[in-house]
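Enquirer: Structure below; questions to follow.
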């Protein structure tokens, strides 16, 4: 990406930190990006909390909020816009209406900015949630699946908002010719994943490091898959630069693991002496809950693949947490 200028929204969230760490690693190898502008509602706070992530000549932090068009940077010629500003970590703190508005309005504002500044590429980080509930007989959900979340259920505001954001991208591409790619993201793990929110894998790693046992809140039957944040960063940048315009690509791992199996894997890797407690009782009559992407499209079109195993990702995440907190 010679002579590129990337505008990154959501740079202080999980995706943004993964990208920053990727670029820092590239810098150590003499391959730093030309220029990155990171949009943050509170850049001073982020710089204070994460000085190692921001002290780089190619990175500029600017204050702005994607929900406030007037606060966005004006008059700069960004070549690439990577819009990752909807953080699923803080989302549950918002009302469904606030969450929907943040996704849709934020995307509209960023699309307008990209058109105004003459950007050559735009990547939207969407979600596998746009498919709605995965059919129980479908092992992996492909991009051409057109199931959808229930639009009359307020709890689906995040997924419906992401569908609306994708449609706004399609409309903008049609009206203005802006090449847009959509990354439908699934589940991830890595040093920047919070261990104290609603992510099962983070909770299990926290329990393995700090608690007397590892607790599974449900019956452990849902099937999930996890991509390491280092692979995530590689995939997002590949989609930004090489993804086919007007197309969506699933981003995640296609290696399915049950939540029960995941808890035992974390235990075996990090705290083999601890017990795993499954609180929920299995319901044999219930359909199996799945959230597993097909990643054949990214593999075939862009040559992308999973390079880091789930086991290595769990170890890497735990080691980073111990270094950061001094706990074990």
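Enquirer: Give the residues of region 223-242 that are part of a loop (DSSP other than H, G, I, E, B) and either out of contact with any helix residue (DSSP H, G or I) (no Cβ under 7 Å at 6 or more places or on another chain) or at pLDDT below 95 (or both), sorted by residue number.
Expert: Answer for region 223-242, where residues must be part of a loop (DSSP other than H, G, I, E, B) and either out of contact with any helix residue (DSSP H, G or I) (no Cβ under 7 Å at 6 or more places or on another chain) or at pLDDT below 95 (or both): just 225.
Enquirer: Okay, next question. Kindly evaluate residue 155 against the criterion of being surrounded by fewer than 19 Cβ atoms within 10 Å (Cβ to Cβ), out of contact with any helix residue (DSSP H, G or I) (no Cβ under 9 Å at 6 or more places or on another chain), touching a residue at least 12 places away in the same chain (Cβ under 8 Å) and over 21 Å from residue 294 (Cβ atoms).
Expert: For residue 155, the condition - surrounded by fewer than 19 Cβ atoms within 10 Å (Cβ to Cβ), out of contact with any helix residue (DSSP H, G or I) (no Cβ under 9 Å at 6 or more places or on another chain), touching a residue at least 12 places away in the same chain (Cβ under 8 Å) and over 21 Å from residue 294 (Cβ atoms) - is not met.
Enquirer: Another question, if that's okay. Tell me which residues, restricted to region 267-285, are part of a loop (DSSP other than H, G, I, E, B) and without any contact (Cβ under 8 Å) to a residue 60 or more places away in the chain.
Expert: The answer is 272, 273, 284, 285.
Enquirer: Check whether at least one residue in region 316-326 is touching a helix residue (DSSP H, G or I) at 6+ places or on another chain (Cβ under 7 Å), part of a helix (DSSP H, G or I), modelled with pLDDT of 95 or more and over 16 Å from residue 183 (Cα atoms), and report yes or no.
Expert: yes
Enquirer: While we're here: Go over the candidates 243, 252 one by one and state the one that is over 21 Å from residue 291 (Cβ atoms) and surrounded by 21 or more Cβ atoms within 10 Å (Cβ to Cβ).
Expert: Among 243, 252, only 243 is over 21 Å from residue 291 (Cβ atoms) and surrounded by 21 or more Cβ atoms within 10 Å (Cβ to Cβ).
Enquirer: Criterion first (crowded, with 18+ Cβ neighbours inside 10 Å, at positive phi and over 20 Å from the mean Cα position of the chain (by Cα)) does residue 220 satisfy it?
Expert: Yes; evaluated as a whole, the condition is true for this residue.
Enquirer: Among 234, 247, which is closer than 20 Å to residue 122 by Cα and in contact with a strand residue (DSSP E or B) (Cβ under 8 Å, 6 or more places away or on another chain)?
Expert: Just one listed residue meets the conditions, 247.
Enquirer: Quick one: how many residues across region 158-204 are more than 14 Å from the chain's Cα centre (by Cα), touching a residue at least 12 places away in the same chain (Cβ under 8 Å) and within 30 Å of residue 270 (Cα to Cα)?
Expert: Final tally of qualifying residues: 8.
The values are calculated or read from the model by the stated rules, or taken from the named source; none is laboratory data. Everything numeric here is computed off the predicted structure, so don't read it as measured data. We place every Cβ from the backbone using ideal geometry, glycine too, and count neighbours over all the protein chains shown.
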